[in-house]
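**Q** One structure coming up, written as structure tokens, with questions to follow.
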Amino acid sequence: MLRAHSPLPVLFIVAAAALAVGAPASAQTVCITPNCVFGGSPAICARRATPRTPTVLLGNDLLAIYVPENPKIEPGDCIVWRVASSTHSSSGASCDPDPFCGSPAPSACEWESANLSIDSLTQTSTCYYDPTLFPPASADAFHCRFHAQMVGTLQVTTPIVVTLAKEIGTSSVKLNWTGGGVIGDVTYKVARQSGGNPRFPVGATTITVDPDGGVLGTTFTDTGTLSSATTIYYLIRNKQSDEP
């Protein structure tokens with residue numbers, strides 16, 4: 001994440017099948033793993049800029065699918081798992097298959113969101129993916145406890161490394177980056193925050209745009225920014241497959 005402030009020097013801040021009938025209507029949490037928080041967020045996730053943490057929907061109308069099915073994160077990132085229909089879970093490949101979440105997750109369980117129900121007042125779990133267990137360029141399968149066809153792959157990219165330069169002639173800030181992406185999908189989105197808030201709150205001052213030349217680009221030029229005294233924050237992230 002980078003912050004630009006004019007006229008002072010730029011400051012870098014590193015800072016497909018129908019749903020099964022009769023699934024439980026209430027959430028169960030006995031099986032949740034320590035890296036996930038039901039209805040809340042691990043402390044390390046709560047400190048992140050909002051656009052950095054993707055949300056994956058569990059279910060889509062009458063389809064038992066994840067949206068996106070193959071989310072991308074950088075090392076040490078988090079994911080919000082949000083139920084969108086019926087009752088579902090996000091369970092790592094080695095987790096207990098018991099659909100009722102009646103016992104604690106075994107030690108081999110990579111992550112377990114617990115059972116999330118659309119009929120529950122609490123419809124999210126947020127999980128943290130420690131880079132020692134989920135290193136760069138790794139891929140981990142996950143599934144739903146209730147629907148055998150509902151599967152996905154968590155893809156951990158290499159870190160996105162950003163540099164920033166000023167172009168005085170056009171009063172512009174130009175970002176360049178490397179890293180991120182997975183084989184067959186090296187695409188990006190740029191978050192821009194003009195309200196002086198490094199948390200990138202949802203609202204009119206936080207916008208998400210494409211890089212120069214489209215989502216495959218690895219540069220972003222913010223023309224005219226240096227002519228204003230406004231503090232601007234930028235965040236480059238992986239584009240998810242369900243985004244336009």
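**Q** Along the positive direction of the dipole of the chain (beta-carbon charges: Lys, Arg +1; Asp, Glu -1; about the Cα centre), which of ALA139, GLN28, VAL215 reaches farthest?
**A** The residue sitting most towards the positive pole is VAL215.
**Q** OK, next. Leaving ligands, DNA and RNA out of it, work out the accessible area of LEU133 with a 1.4 Å probe and give it in Å² to the nearest 10.
**A** 130 Å²
**Q** Probe radius 1.4 Å, ligands and nucleic acids left out: which of ARG52, ARG47 has the largest accessible area, and how do the rest follow?
**A** The ordering from most to least exposed comes out as ARG47, ARG52.
**Q** Under unit Cβ charges (Lys, Arg +1; Asp, Glu -1), what dipole magnitude, rounded to 20 debye, does the chain have relative to its Cα centre?
**A** It works out to roughly 800 debye.
**Q** Calculate for the chain the 222 nm mean residue ellipticity that helices alone would give, adding -39,500 (n - 2.57) per DSSP H run of length 4 or more and normalising by residue count, nearest 500 deg cm²/dmol.
**A** 0 deg cm²/dmol
**Q** Counting only protein heavy atoms and using a 1.4 Å probe, what share of the accessible area of region 49-92 belongs to carbon plus sulfur, as a whole percent?
**A** 50 percent
**Q** How big is the Cα convex hull of region 112-209 in projection, averaged over all directions, in nm²?
**A** Orientation-averaged projected area of the Cα hull: 10.0 nm².
**Q** Mind checking the dipole of region 99-244: about its Cα centre, +1 per Lys or Arg Cβ, -1 per Asp or Glu Cβ, Debye to the nearest 20?
**A** 360 debye
**Q** Right, next: Which value, in Å² rounded to 10, gives the accessible area of VAL186 with a 1.4 Å probe and all protein chains present?
**A** Roll a 1.4 Å probe over it and VAL186 shows about 70 Å².
**Q** How many Å² of accessible area per residue for the chain, probe 1.4 Å?
**A** Accessible area per residue: 45 Å².
**Q** Shape of the chain from its Cα gyration tensor (a ≥ b ≥ c, root eigenvalues): rounded if a/c is under 1.5, otherwise prolate when a/b > b/c, or oblate?
**A** Prolate shape, in that a/c is at least 1.5 and a/b is the bigger ratio.
**Q** Could you tell me the accessible area of ASP185 in Å² (1.4 Å probe, neighbours in place), rounded to the nearest ten?
**A** It works out to around 40 Å².
**Q** What's the FRET efficiency of PHE100 with VAL202 using the Cβ-Cβ distance as r and R₀ = 30 Å, to the nearest 0.05?
**A** 0.30
**Q** Now for a separate question. Within 10 Å, count the other beta carbons around each residue, average over each peptide in 56-64, 112-120, and list them highest first.
**A** The peptides rank, most packed first, as 112-120, 56-64.
**Q** While we're on this one: What is the percent carbon and sulfur in the accessible area of region 119-173, measuring with a 1.4 Å probe over the protein chains and ignoring ligands?
**A** 59 percent
**Q** Could you rank LEU226, LEU216 by how accessible they are, 1.4 Å probe, largest area first?
**A** The ranking, largest first, comes out as LEU216, LEU226.
**Q** Got a sec? What order do LYS72, LYS174 fall in by accessible area at 1.4 Å, biggest, i.e. largest, first?
**A** Solvent-accessible surface, decreasing: LYS174, LYS72.
The values are calculated or read from the model by the stated rules, or taken from the named source; none is laboratory data. Since the model is a prediction, treat every value here as computed from it, not as a measurement. Cβ atoms come from the backbone with ideal geometry, glycine included; neighbour counts cover every protein chain shown. Just the protein is used for accessible areas: all its heavy atoms, side chains included, with ligands, DNA and RNA removed. Shrake-Rupley method; radii C 1.70, N 1.55, O 1.52, S 1.80 Å.
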